[in-house]
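These notes concern the structure reproduced below.
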Amino acid sequence: MNVRALLISLPSDFHSSPKHNHPTDISASRKIFEKSQLPLQFRLRIRFLSLERSGVFATRKCLVRRGIGKVWAEVKSETYDVPGPTPQAVKFEDALSDVVLGRDGEVDEELDGAVPWWEEFPKRWVIVILCFSAFLLCNMDRVNMSIAILPMSQEFNWNPATVGLIQSSFFWGYLLTQVAGGIWADTVGGKRVLAFGVIWWSIATALTPVAARVGLPFLLVVRAFMGIGEGVAMPAMNNLLSKWVPVAERSRSLALVYSGMYLGSVTGLAFSPFLIHTYGWPSVFYSFGSLGTVWIAVWLSKAHSSPLEDPQLRPKEMKLILRNSVSKEPVKSIPWKLILSKAPVWALIVSHFCHNWGTFILLTWMPTYYNQVLKFNLTESGLLCVLPWLTMAFSANLGGWIADTLVSKGLSVTLVRKIMQSIGFLGPAFFLTQLSHVNSPAMAVLCMACSQGTDAFSQSGLYSNHQDIAPRYSGVLLGLSNTAGVLAGVFGTAATGYILQHGSWDDVFKVSVGLYLVGTVVWNLFSTGEKIID
């Protein structure tokens, strides 16, 4: 008989007592299993004449779940003989709904309205939002020292050289864990690595006031430990998103996560002065550090390193994510020779260096530029420093939406990455060249904001490219390129001081513009959006 009219043989006393025997076995032709080596599942919804019940019954090869309503299953509509009489106590509503054959877990469409809306929210975007919040905390904990260092230096009588040493100690640990964090994330999974990073830097943040009172060496060690925790965050996040986010959503998801860093800087700069004024400088570190415990509690209960590890992931979303998925085999070793032999990998490393040189200079020296050149006081300079971060948060998400739209319209990923990164290079270069021609402080601030705004289009360019060219090793690739980016920030910040001592701000901007142009050429000649390492 046809599956649409399939009747299940049940004991006659099934409807009268909750404690009943299992229904009789149903045999079917073996050809239903010809296309699958795994057990199949199909779901039936049955309405009984006397009352409604739910239960489980099984055939020889497949599991059938019985609920309330229509009957439907993941099998093709074919004719099978069902031995034995059919009891009159059972009937089906009209007919079985449409059915589709599929492997267990591959397709399992839910009935409309059967699941609450909050459970239908895409799980991949839960992961993205949690990564966004982690990066929000990351930069909140990073920038609070730039505000708290002022009352701390007064209390402990630190000279400018000591202040500079404390500020730089963060980068000692940050540099150490870029590549190591990538290797770790690619081999054990991004969930564990990001959880470790947040716990580690949150504890280091909370211990900062204690270390400062114990002595300077202890403070330097704690700040370096904080850098170790934050150093693994980017590679871990990149590994997670490479597994969870389809290519068509990659740019906007990365843009959202990185905008968490920008908004974290805004939040830290906005709340730190209030907390210091009201409760004293230690309150900044205690309060910001404690937020990590809240994040960890949610992360451990909701996140998984890959869709294959999530038992609650809806099959429809699983199919969407895995449609163009990479190999499911875990990473056991890193093919360093193969990775470093690829020109697109070096294009990433060189471009990241060129990009971060200009970015770190602007973000580090911007208050000084506002004060020395534009003649703003320190309060005004601090407030205006928030503007570029807000601009970057907005334009990063705008660029991500544009990039994903272009990919969905049929443009190649390679072309989209080159377009977005060219904007990320040439936009800042253009606006920096205009700074020497403007006479109004307002126009100078606008140029700086536009420079950083176009810079943020890089989130849809080079920052998305790690997952394009080597999704299985995206954590390692980001660790490699971000190491070059951090070195650019360290060397660029120091070089700017030297240039200003012997030259002018125009010279500083010329160096940045030159590196932006070099990055543009290298990127457009050697980058690709195709997978080159499997």
Residues within the stretch 509-534 that are open to solvent by less than 20 Å² (accessible area, probe 1.4 Å) and part of a loop (DSSP other than H, G, I, E, B), tallied: 3
Matching option when the condition is assigned to a helix (DSSP H, G or I), under 21 Å from the mean Cα position of the chain (by Cα) and closer than 30 Å to Tyr369 by Cα, among Asp506, Asp455: Asp455
Unmet requirement for Ser272, which otherwise passes all of (1) over 20 Å from Ala236 (Cα atoms); (2) within 18 Å of the chain's Cα centre (by Cα): (2)
Any chance Leu348 is aliphatic (A, V, I, L, M), assigned by the TED database to the domain that holds Thr493 and in a helix (DSSP H, G or I): yes
Any hit, the stretch 447-456, residues being polar (S, T, N, Q) and either open to solvent by less than 10 Å² (accessible area, probe 1.4 Å) or not assigned by the TED database to the domain that holds Leu406 (or both): yes
Filter result (open to solvent by less than 50 Å² (accessible area, probe 1.4 Å), more than 30 Å from the chain's Cα centre (by Cα) and in contact (Cβ under 8 Å) with a residue 12 or more places away in the chain) within the stretch 159-175: Thr162, Val163
Filter result for the condition that a residue is of a type in the set (A, V, I, L, M) and either open to solvent by 60 Å² or more (accessible area, probe 1.4 Å) or not assigned by the TED database to the domain that holds Asn139 (or both), over Leu322, Leu313, Leu308: Leu308
Filter result for Val445 (under 20 Å from the mean Cα position of the chain (by Cα) and either under 28 Å from Val245 (Cα atoms) or assigned to a helix (DSSP H, G or I) (or both)): no
Neighbours by Cβ (under 6 Å, 6+ apart or cross-chain): first from the stretch 440-458, closer than 19 Å to Trp523 by Cβ; second open to solvent by 10 Å² or more (accessible area, probe 1.4 Å) and not hydroxyl-bearing (Ser, Thr, Tyr): Ser451/Phe431; Thr454/Ile423; Thr454/Gly427; Phe457/Ile423
Which listed residue is open to solvent by 10 Å² or more (accessible area, probe 1.4 Å), of a type outside the set (Ser, Thr, Tyr), in a helix (DSSP H, G or I) and outside the structural domain of Phe135 (by the TED database), from Leu411, Leu415: Leu415
Filter pass, Phe376 being over 30 Å from Leu348 (Cβ atoms) and aromatic (Phe, Trp, Tyr): yes
Residues that are without any contact (Cβ under 8 Å) to a residue 60 or more places away in the chain, assigned to a helix (DSSP H, G or I) and surrounded by 24 or more Cβ atoms within 10 Å (Cβ to Cβ), drawn from the stretch 228-266: Gly229, Gly231
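The values are calculated or read from the model by the stated rules, or taken from the named source; none is laboratory data. Treat the numbers as computed from the prediction; the structure is a model and nothing was measured. Note: ideal-geometry Cβ built from the backbone for every residue, glycine included; neighbour counts use all protein chains shown. Calculation scope for accessible area: heavy atoms of the full protein, side chains included, ligands and nucleic acids excluded. Shrake-Rupley method; radii C 1.70, N 1.55, O 1.52, S 1.80 Å.
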